[in-house]
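The values are calculated or read from the model by the stated rules, or taken from the named source; none is laboratory data. Note that the structure is predicted; figures quoted are calculated from it, not measured. Counting neighbours? That spans all protein chains shown, and the Cβs are built from the backbone with ideal geometry, glycine included.
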Amino acid sequence: MLLPLLPAATLLLAPACAVFSDEAWNVDYHFALLGAPKEETSFFHRPNPSSKASLIYTLSEEHALGAVNPRDGSLVWRQLLASGGDSHNTSFLRAGEGQDVVISGIGSEVAAWSAADGRLVWNVHTDGPLEDVEILELSDGKETVGAKDAVALSGGEHPMVQRIDGASGAVKWQYSIDGSDAPYQLSASSTEVFAILIHKTILGYVKLRVVALDPVTGLKTDEYMLSSENELATADNIISVGANSASPIIAWTDAAHTTLKVNVVGTKSISSFSIEKHDENAIERVKLHAPYHINSLAHFLVHYETATSHWAEVYHIDLKNSKVEKAYSLPRVAGRGAFSTSTADANVYFTRVTRDELSTVSSASHGLLGRWSLSSFGVAGGVGEVIEPVHAVSEVSVKGDTVSAIRTTVLLSTGDWVLLRDGKAIWTRPEMLASTVAVTFAMPADMVTLAQQLEVEAHGNPVAAYIHRVQRHITDLQKLPSFLVLMPKKIVQGFLGTSADDAAGSDIFGFRQIIACATRSGRLVALDAGHPDRTLWNRDVTDLKPGQSWRPSLSSTKDGVIQVSSVAGTGVDYNATDGQQLAGDLPVIPDEPDLSTSRAVRYTMRGNSLEATYDWSPSWTFTPTHGERILNLVPRPVDDPVASIGKVLGDRRVLYKYLDSNIALLATAHDASSKANFYVLNTISGAILYSNTHPNIDLTAPIPTIMSENWFAYSFTSEASPDTTKGHHLVIGELFESLLPDHRGAMGASSNYSVLHTPASDPFTLTQTYQLPEPISRLAVTRTRQGITSRQLLAVLPASNALVGIPYGVVDPRRPVGRDATKDEQAEGLMRYAPVLELDPKWYLNHQREVVGIKEVVTAPALIESTSLVFAYGLDVFGTRLSPSFSFDVLGRDFNKFQMLATVAALAVATFVVTPLVMRKQVDQRWRFL
Amino acid sequence: MLVLKSLTVLAGTSLASAANLTVSIPSSPPLLPNPASLAPSTHAVLIGPPGVQYEAPIRRDNTFTFPDLAEASYLLTVHSRDYFFPPLRVDVTKAADGTQQETVQAWQTFRGNEWSNKGPFYGSGNGELRTQIQPSSQKNFYQDRGGFNIIDFVKSPMILMALVSVAFIFGMPYIMDNMDPEMKEEFDDMQKKGPLSGSSGAAAQLQNFDIAGWLAGKGSSTEQGAGDIGKKR
């Protein structure tokens, strides 16, 4: 039983590099995001039927299911649903009236989640991919009290309709759909369940086939084909099938959007309406908004959209004869608009959000119940961009003839998700950041000017430099009045402990860098690392067609400028501070992906071999053995300063690091034998400097790799055999010129050499493996300006939703094995090797928070040497500042101003008290002597 | 209970022989008195042979359910935001009696040890195993800074020394005053005889060193002059 003590022993060692309680929540920032919410899967719902407070539920495009508190926009709970590698991006989220669960459907899994705390209630797997999920809002006496049943329509080879018990998740009945028709949607009225299928005719048109089922027994009661004639060319022209309303409807238009056909599901009659043209532009989209409650009025709204304007028409259904009639229309308004439906008892209200107005009408008449003008949505956009609503969800409470309170969440064209309460923006969630695909840090331009001016002075002749400097100081004098005005405030702030970096305006430490994020939707969003709560600017940089993707790469070529380039296209420059475009147009060119680019050596994947070209001529080719495939290649970062060429040992001798800017770590996998191979390559000559093979590897698990300075690290998951261990491993290797202290190895005497001409001097590599309690999906390393500060290994832990900073000293491969560290080794900070590396929660950079879905971590040096800026993105966005060797060049939060002032004051008091005593004594002594 | 039943039914329809594993988190005071307080992101991962991995989120009744387990040896890890849980080894094997059902067994396992090194037995079952797992410790994320503490400050030896000397400087005269005359005389004598104090003390000699006299070859002539240097008053 001594064995469990080993990890405990490692925990006790090295308290270095932890998250301090006074820095947590202050230096770090985190956006717990969901991704862009989808219109059909977002709604207000009461998690607890007995309370009045409701939450906003959404299942986003990133497959994140979550509940958001409408009061402050904070996340109540969140579950990342596995999409199961689906090809068609369909997901469903439903909540029954008065239910304490929400039911999600994604891939082939239907799951019920506790609405209040997000825990799983039940889940059911269907055979085929889900096509629709609905909640049966009927009381047939057979369902369990309190829980409403769900109906699921699944496709695949054996399409079927299943009724799932709302309390237990048991399947009550299932109905297999015969024929080759593709399942499309489900619809339920109070007495029947309708499965709507798409039937392809010989002529290439589609027809709708409706199968009516008895909700109690699951037996077919009726089946018919809707005579849609030849106007329905594709399923894309079907607008919507209303769910759970008193009379579910199905509507479609012809390809040119000239007529609208509406059918009340369950009847065969089709009402036809011609669509009026309101302007010269063709109608691009037709959307249908219908209430989702069974006892609400059978009214619905049709929303027409052209490129420049939108309008809507409201229709009523006569339940007795199933006739559809147009009631009134809402006028045309320029720009895009969003409509949302909300219900109160039986009444239905439609809320309209346009660029500058929010209005609510009742479905019964066109009189406005409430109207608020929107001055702004409170979000940052691009220069001259008009921010438009994309879709909205509302919760309305009506007293008499006016709206007493209205809460509307709107997804904007900028990607922000905003809550408007009575027309005022209460909170915004930057959901566009959840689809960030590339990130770069950039210095703001105003910081840069000073650096440039100092540069001019440093390189000019002394007289000119002196004149330049005097001029600079004179211009600086203009800022004196404002500086003097701010002075008292600054002093008070300093006194109250609000530290220097919080003071607005100046950023002498380089903490307030601009982080530019390129999102999948083709936008560029800039954040301020010092004040991350507000977006600096957010602009559209590409013209992506729907479904088109881009692979942008961002860089800050010079300070104050952000360059965006897409794969092989030339870059476009943007001003980092305000997002103004500087020059060029961005073409989106799909191209062969480059694995990586570093200075002059370019790598290309040709088939299964890696080809390196140097100065446009092939330099070397790495072809793995048969059956082996290349996983990834990580070169040493281009900008990777190293301050010391050696490691100082405890006895003041030096081990020389093998420092070569042209080394890279290549990982390959051999699937047949489940082996993973790792090679350290010289990227100029192609020589293999080090290689290692690990058998019994789970190749489906992530294998992250990293290379920095003279060391590399990788992680993998290994399979068990009786005499080995099963679990996750981290391997760290360090390259030295020689393992003898004070010895530079074969290349020691020569001052310059070429890897191409002289025989290679292989480095001596020390490696060590540590077992981890959980997998690592991504590795990164901190970067500082000069490389004096020790480095910290950053690892993304997907299982714990954490980003952990592992101090290098803890994983140092030079830790002595099988013996205690000697005095000299202890002086160096090495301790006895332990095979298990327990990841101390104090290393969690995110501490108590959960950082979900991190795909990539980027680091950048601050202006001061001790600090590295960290920014992690994926789904969530998380950023912090790290001082791996503690803040040795800046007064941190551990500096207690009050204590310092108190000490000074105490000394002053002591001096005042003691002075007369000492004086008297001296005088006394004088008298005695004389 | 209903949940499990339904899952068994489902599993029965999809796979002829399949093993189920249910792991529940009981109330375990003082560490975790109420398992309902666990974050909804709490989940359990079963890692089997390469490519086989199951994940189960926590349910309303504080359990993790894994239906349809294939025959293999699994590593079960429970990940929670606030607590550490011990890793378990779960083996799903063919039943010895040759029936359809499979045997599910669970032990604690230790990281960094060979896989055959099994810890305490967590139970076994035919076709189904229900077991409990308790958190081993709570996660503590924050490092407290050694802040200013007046007691620690006073306790430090430097400050103690300074305080003692201050006490002597201020306290000594009063002690001298309050001593009875005999004691005082005794004390004065003692001080005079001391090697550093008194007129013949080393300190006095050094201070009043008569270089001219010394050069002139004079002996100890410092007797006259400052007679009571060493005296405090």
Tally time: how many residues in region A:358-401 are under 26 Å from A:R46 (Cβ atoms) and in contact with a strand residue (DSSP E or B) (Cβ under 7 Å, 6 or more places away or on another chain)?
-> 20
What residue, among those in region A:345-379 that are in a strand (DSSP E or B) and of a type in the set (A, V, I, L, M, F, W, C), is surrounded by the most Cβ atoms within 10 Å (Cβ to Cβ)?
-> A:V353
Could you tell me which residue of region B:13-23 is modelled with the lowest pLDDT, considering only residues that are in contact with a helix residue (DSSP H, G or I) (Cβ under 8 Å, 6 or more places away or on another chain) and not in a loop (DSSP other than H, G, I, E, B)?
-> B:N20
Select from region A:700-717 the residues that are within 11 Å of chain B (Cβ to nearest Cβ) and either more than 29 Å from the chain's Cα centre (by Cα) or surrounded by fewer than 22 Cβ atoms within 10 Å (Cβ to Cβ) (or both) and list them in ascending order.
-> A:T700, A:A701
Can you pull out the residues in region A:198-221 that are in a strand (DSSP E or B) and free of Cβ contacts under 8 Å to residues at least 24 places away in the same chain?
-> A:K200
Residue tally, condition away from chain B (no Cβ under 14 Å), buried (at least 23 other Cβ atoms within 10 Å of the Cβ), among the β-branched types (V, I, T) and in a loop (DSSP other than H, G, I, E, B), over region A:847-876 | 1
Give the number of residues within region A:246-305 that are outside any loop (DSSP other than H, G, I, E, B), over 37 Å from the mean Cα position of the chain (by Cα) and surrounded by 20 or more Cβ atoms within 10 Å (Cβ to Cβ).
-> 9
Taking region B:118-155 and keeping residues free of Cβ contacts under 8 Å to residues at least 24 places away in the same chain and more than 14 Å from chain A (Cβ to nearest Cβ) leaves B:F121, B:G123, B:S124, B:G125, B:I151, B:K155
For region B:90-107, indicate whether the set of residues that are surrounded by 20 or more Cβ atoms within 10 Å (Cβ to Cβ), in a strand (DSSP E or B), in contact with a Lys or Arg (Cβ under 9 Å, 6 or more places away or on another chain) and facing chain A (nearest Cβ under 10 Å) is non-empty.
-> no
When region A:74-114 is checked residue by residue, the ones that are charged (D, E, K, R) and either at pLDDT 90 or above or surrounded by fewer than 23 Cβ atoms within 10 Å (Cβ to Cβ) (or both) are A:R78, A:D86, A:E97, A:D100, A:E109
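One line per residue, one yes/no per condition, for (1) modelled with pLDDT of 90 or more; (2) within 18 Å of A:N801 (Cα to Cα); (3) more than 8 Å from chain A (Cβ to nearest Cβ); (4) assigned to a loop (DSSP other than H, G, I, E, B):
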residue	(1), (2), (3), (4)
B:A39	yes, yes, no, yes
B:P50	no, no, no, yes
B:D61	yes, no, yes, yes
B:F64	yes, no, yes, no
B:D68	no, no, yes, no
B:L76	yes, yes, yes, no
Does any residue of region A:778-797 turn out to be touching a Gly at 6+ places or on another chain (Cβ under 9 Å), within 14 Å of another protein chain (Cβ to nearest Cβ) and of a type outside the set (V, I, T)?
-> no
Quick count over region A:766-806, residues being closer than 13 Å to A:E709 by Cα, touching a helix residue (DSSP H, G or I) at 6+ places or on another chain (Cβ under 9 Å) and assigned to a loop (DSSP other than H, G, I, E, B), is 2
Starting from residues that are assigned to a helix (DSSP H, G or I) and within 8 Å of chain B (Cβ to nearest Cβ), keep the ones in region A:826-846 and report whichever is surrounded by the fewest Cβ atoms within 10 Å (Cβ to Cβ).
-> A:K842
Just name the residue that is surrounded by the most Cβ atoms within 10 Å (Cβ to Cβ) out of those in region A:678-699 that are assigned to a loop (DSSP other than H, G, I, E, B) and more than 9 Å from chain B (Cβ to nearest Cβ).
-> A:T683
Can you pull out the residues in region A:773-798 that are more than 24 Å from A:M443 (Cα to Cα), in contact with a Pro (Cβ under 6 Å, 6 or more places away or on another chain) and not β-branched (V, I, T)?
-> A:S777, A:R778, A:L779
Go through A:T789, A:T822 for me and flag whichever is at negative phi, of a type in the set (S, T, N, Q) and buried (at least 19 other Cβ atoms within 10 Å of the Cβ).
-> A:T789
Wholly within region B:130-228, helices (runs of 4 or more DSSP H) carrying at least 2 residues that are at pLDDT 85 or above and surrounded by 12 or more Cβ atoms within 10 Å (Cβ to Cβ) | B:157-178
Given (1) free of Cβ contacts under 8 Å to residues at least 60 places away in the same chain; (2) buried (at least 17 other Cβ atoms within 10 Å of the Cβ); (3) part of a strand (DSSP E or B), A:Y656 misses just (1)
